[in-house]
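Scroll down for the structure; my scribbles are underneath it.
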Amino acid sequence: MSRNDGQVDRRSEIAASLAAVRHRIAAACASANRPAQDVTLVAVTKTYPAEDVLHLAALGVPDIGENRDQEAAPKAAAVGAAGADVRWHFVGQLQRNKARSVATYAHLVHSVDRPQLAKALAEAVKQAERSDLDVLIQVDLEADASEVRGGVSAADLSGLAQAIVDSGVLRLRGLMAVAPLDAPPEPAFERLAGLAEALRRDHPDATIVSAGMSGDLESAILHGATHVRVGSALLGKRALLG
Ligand SMILES: *Cc1c(COP(=O)(O)O)cnc(C)c1O
C-alpha cells in the first residue's frame, strides 16, 4: 500500500467517525429541542498528528482543541504552513510560562482558572500585538473540590470573572468544565448550567458553555452545552494518557 493510500484510508476512517459524532450531536439537540447549529464541535487532536488536523479541516471541522502547549505550538505551525485555516482551542491546564506561546495561536482559551493566569495571558496578548483574546473560565464541578481536573470553585468564580474583564484585553465568553470521573455527569452539568446562567446576568457576552466529551456529550447538550470537545470518538482511542 502506498503512502497515499494510507492517507486516503485515514481520511475515510475519520469521515465515518465524524458522521457518527455529528449524528449523536444532532440527536441530542433534537431531544433537547435545540437547533443543531447551537452546538460547535471542537475536535480534540492531542496525541494525533498535524495530518489528522488537516483531514478534519478538509472534512469541515475547523475548530481544533489541544491540551498541551508543547504539542499544540508545533502542530499549529505545521497546520498553518500547510495552508489550512483552523481555530485553535486551548483546553488543558495552562502554566503561566506557556501563556506567551498560547497567545500566539489560540482562538479561544477554555481553561482560565486563576487570576494569576488571567494576568499572564493578558500580558501575553499585548506582547503578541493582538487586540484581544476570547477566554472561558474553567469551573471545578467536583463535589469535594479535589482539584484533580482543575478549575476555579464556584465561590471564586465571580472574582475571577471580574479580573478577566479588568484586564482590558481578555474577553470573557463563558464557562468550561470537565465532568467528574467517577460520578454520573448529569448533576455536574446541571450545576454548570446554573453557574453559566448566573454569570450571564453580569456578563451578557459570556454565552459559551464548553462541556461534554466523547462519553457524555448527550448529557452536556441536554444541559445547554454550546461547545463539545470530542477526541477519541473522532480519532480513536489514545495510546498515551493525554
Ligand atoms: C482530551 C480532552 C477532551 C476529549 O476527550 P475524549 O474523551 O477523547 O473525547 C476534552 N476535553 C479536555 C479538556 C481534554 O483534555
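The values are calculated or read from the model by the stated rules, or taken from the named source; none is laboratory data. No experiment lies behind these values; they were computed from the predicted model shown. A quick note on method: Cβ atoms are made from the backbone with ideal geometry, for glycine too, and the neighbour counts reach across all protein chains shown.
Here are the numbers for the structure shown:
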| read-out | value |
| --- | --- |
| Residues located in the range 209-226, provided they are outside any loop (DSSP other than H, G, I, E, B) and near the ligand (Cβ under 10 Å from one of its atoms) | 210, 217 |
| Hey, residue 232 within 16 Å of the ligand (Cβ to nearest atom), under 30 Å from residue 20 (Cα atoms), touching a residue at least 24 places away in the same chain (Cβ under 8 Å) and polar (S, T, N, Q) or not | no |
| Tally of residues being surrounded by fewer than 19 Cβ atoms within 10 Å (Cβ to Cβ) and touching a strand residue (DSSP E or B) at 6+ places or on another chain (Cβ under 8 Å) across the range 214-223 | 1 |
| Single unsatisfied condition, residue 43 versus (1) part of a strand (DSSP E or B); (2) at positive phi; (3) of a type in the set (Gly, Ala, Ser) | (2) |
| Filter result for the condition that a residue is away from the ligand (no atom under 16 Å from the Cβ), in contact (Cβ under 8 Å) with a residue 12 or more places away in the chain, small (Gly, Ala, Ser) and touching a His at 6+ places or on another chain (Cβ under 6 Å), over 193, 122, 206 | 193 |
| Among the residues listed as 92, 83, the single one being within 16 Å of the ligand (Cβ to nearest atom), assigned to a loop (DSSP other than H, G, I, E, B) and more than 16 Å from residue 164 (Cα to Cα) | 92 |
| Residue 238, sole failed condition from (1) within 10 Å of the ligand (Cβ to nearest atom); (2) modelled with pLDDT of 95 or more; (3) more than 15 Å from the chain's Cα centre (by Cα); (4) not β-branched (Val, Ile, Thr) | (2) |
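Here's the yes/no breakdown for (1) surrounded by fewer than 21 Cβ atoms within 10 Å (Cβ to Cβ); (2) part of a loop (DSSP other than H, G, I, E, B):
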residue	(1), (2)
135	no, no
150	yes, yes
155	yes, no
162	yes, no
168	yes, yes
175	no, no
178	no, yes
181	yes, yes
